[in-house]
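Here's the structure, in structure tokens; my notes come after.
No value in this document is a laboratory result; all are computed from the given coordinates. In this text, all values refer to a predicted model and were calculated from it rather than measured experimentally. FYI the Cβ positions are ideal-geometry reconstructions off the backbone, even for glycines, and counts take in every protein chain you see.
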């Protein structure tokens, strides 16, 4: 059963996408979009929505905002790193799959974490089993689980823990 | 002014596309090609689309939706591709020095074969490829 919070966030998400799609705005379109979004978010769909895992305390929202920039920074830095490896004449790569551990419990938190890992170049999430995430890493600098966790996961996890535990 | 910034961002984005193409050609195996190719396109396409959005502000809303969808769908497809590539790692010649996932699968397979008499223990299809 979906919680009220998940439905509200779902409604807001759908409506914001509709508003972006119909810019420049008119009141009629916005109203119809709100009605349709409300109808969709109230549908009695089976299963629980991961959106309900999002915390809506001021601290969590502030961290969500910060996380955007943390992720952007990681994206740019790792893009430049991969670009450097691609252009380097010796192609300095040492690919491998490492096992990292996550402390996140909720499905939304894990979704965000694994997606962030995949979106930053140099690392791809291959598999998630229990608490273990298997990550393909283009240049393995720490083969053991603890070192790889510190290098790949902890920068994101610190924020995601507050956002959605 | 905004148009110039937009054009510059688009140029930067297409530079990342070029890097992705070079990476596709130079990288040795499937997973590394994914790293260079599909990944450099994330920043590449984000910058490229943002640049177009700044040049044509009336498109900006739709551009943001496009970026959102790329960011949401790219990891899912990359993950599916990576899993498929890893399951076929012997046939497509993947080389990885620590392969924690293969070790975990080998452990699981050993555990499954040691309890093979129990009818419920069956190895996954990925493990069957290994042998």
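Couple of notes before you dig in:
- Pairwise FRET efficiency - residue B:77 versus residue A:81, Cβ, R0 = 35 Å, nearest 0.05: 0.95
- Counted by neighbouring Cβ atoms within 10 Å, the residues A:68, B:16 run from fewest to most as A:68, B:16.
- Footprinting exposure proxy ranking of A:137, B:88, fewest other C-beta atoms within 10 angstrom first, gives B:88, A:137.
- Per-residue average of Cβ from other chains inside 10 Å of A:157-163: 0
- CD proxy at 222 nm, helix term only [per DSSP H run n ≥ 4: -39500 (n - 2.57); per residue of chain B; nearest 500]: -26500 deg cm²/dmol
- Residue-averaged [θ]222 nm for chain A, counting only DSSP H segments that reach four residues, each worth -39500 (n - 2.57): -18500 deg cm²/dmol
- Three-way shape call for the protein assembly as shown based on the alpha-carbon gyration tensor, with the a/c threshold at 1.5: oblate
- Peptide A:134-140 shows a mean partner chain C-beta count of 6 within 10 Å per residue C-beta.
- Shielding score for A:83-91, defined as the mean number of other chain Cβ atoms within 10 Å: 5
- In degrees, nearest ten, helix B:2-26 long axis to first principal axis of chain B (Cα): 30
- Ranked list, fewest to most other Cβ atoms within 10 Å of each Cβ, for A:90, A:101: A:90, A:101
- Relative contact order of chain A, pairs being alpha-carbon contacts under 8 Å that are 6 or more residues apart, as %: 26
- Net length available on complete extension from residue A:21 to residue A:39 is 4.6 nm, with 0.36 nm assigned per residue and the Cα-Cα distance removed.
- In degrees, nearest ten, helix A:27-42 long axis to first principal axis of chain A (Cα): 70
- Relative to the longest principal axis of the Cα atoms of chain A, the long axis of helix A:4-21 makes an angle of roughly 90 degrees.
- Gyration tensor verdict on the range B:1-70 (Cα atoms; rounded if a/c is under 1.5, prolate if a/b is larger than b/c, oblate otherwise): oblate
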